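I have placed the structure first, in the form of structure tokens, so that the comments after it can refer back to it.
Just so it is clear, none of the values below were taken in a lab; they were calculated from the coordinates. Note that the coordinates shown come from a computational prediction; the quantities given were computed from them, not determined experimentally. Glycine gets a Cβ as well: all are built from the backbone with ideal geometry, and neighbour counts include every protein chain shown.
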């Protein structure tokens, strides 16, 4: 019915445009590819290239409400406590990165002063994390936050997913 080609862009909201541009362009290395002045002085809209024709975008609204960590977004990284967020919120943004560079990227983030988790080996165990990579690990990831507290992830699939990876849907409201 619909032909999907990935994500065109995600649109988030930042408190300080200059600080956000510095983080995504200067620290993470994403090119700033488009800026828009919104009509009626409502603010700005700007886009970063995050690879493969995809973009992460931000609105800067001068009169936006303050952030509500733990409601509109997680209050913490997964390794620092509860990372839940409210229904209808965005929990995190995961950027696809090469699996073989994961440890190098952890060092790169830390060298830029960005606090991040250790590499997480996600599997189907009770805790969902394995200490070592094994055939059941399906994705490896590193979590960190941007200056507004938006939870970000560098993620790399480690194997092809199959129909056996889909569990019965049993959660209801």
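Distance from the alpha carbon centroid of region 72-96 to that of region 19-38 works out to 22 angstrom. Taking 30 Å as R0, compute the FRET efficiency from the Cβ-Cβ separation of residue 22 and residue 103 and round it to 0.05. Given R0 = 30 Å and the Cβ-Cβ separation, E is 0.75. Between the Cα long axis of helix 102-111 and the first principal axis of the chain there is an angle of about 40°, rounded to the nearest 10. Can you tell me the relative contact order of the chain? Whole percent, Cα pairs under 8 Å, sequence separation 6 or more. Across the chain, relative contact order equals 17 percent. With 0.36 nm allotted per residue and the present C-alpha distance subtracted, the residue 111-residue 94 stretch has 4.1 nm of extension available. Considering only 23, 40, 95, the mean-square fluctuation computed in a Gaussian network model of the chain, springs between alpha carbons under 10 angstrom, is largest for 40.
Here the simple spin-label model places points 7 Å from the Cα toward Cβ, and for residue 54 and residue 13 these points are separated by 2.4 nm. Note on the chain: antiparallel DSSP beta bridges, both residues inside, total approximately 70 percent of the bridges counted. Most simply put, region 1-66 has about 65% antiparallel DSSP beta bridges, counting only bridges with both residues inside it.
Sorting 45, 134, 92, 87 from the fewest to the most surrounding beta carbons within 10 angstrom yields 87, 134, 45, 92. With the simple spin-label model, which puts each label point 7 Å out from Cα in the Cβ direction, the residue 45 to residue 80 separation comes to 3.1 nm. Distance between the pseudo-spin-label points of residue 165 and residue 1 (7 Å out from Cα toward the beta carbon): 2.4 nm.
For region 85-104, the residues whose amide N sits under 20 Å from a probe point set 7 Å from the Cα of residue 65 along the beta carbon direction are 85-92. Between (1) 53, 43, 36; (2) 46, 38, 36; (3) 38, 37, 31, which entry matches Cα extents along the principal axes in Å as derived from the coordinates of this structure? Identified label for the calculated read-out: (1).
Assuming a ≥ b ≥ c are the square roots of the Cα gyration tensor eigenvalues, decide whether region 128-173 counts as rounded (a/c under 1.5), prolate (otherwise, with a/b larger than b/c) or oblate. The shape class here is oblate. Shape call for region 1-66 from the C-alpha gyration tensor, a ≥ b ≥ c root eigenvalues: rounded (a/c under 1.5), prolate (a/b greater than b/c) or oblate? Oblate.
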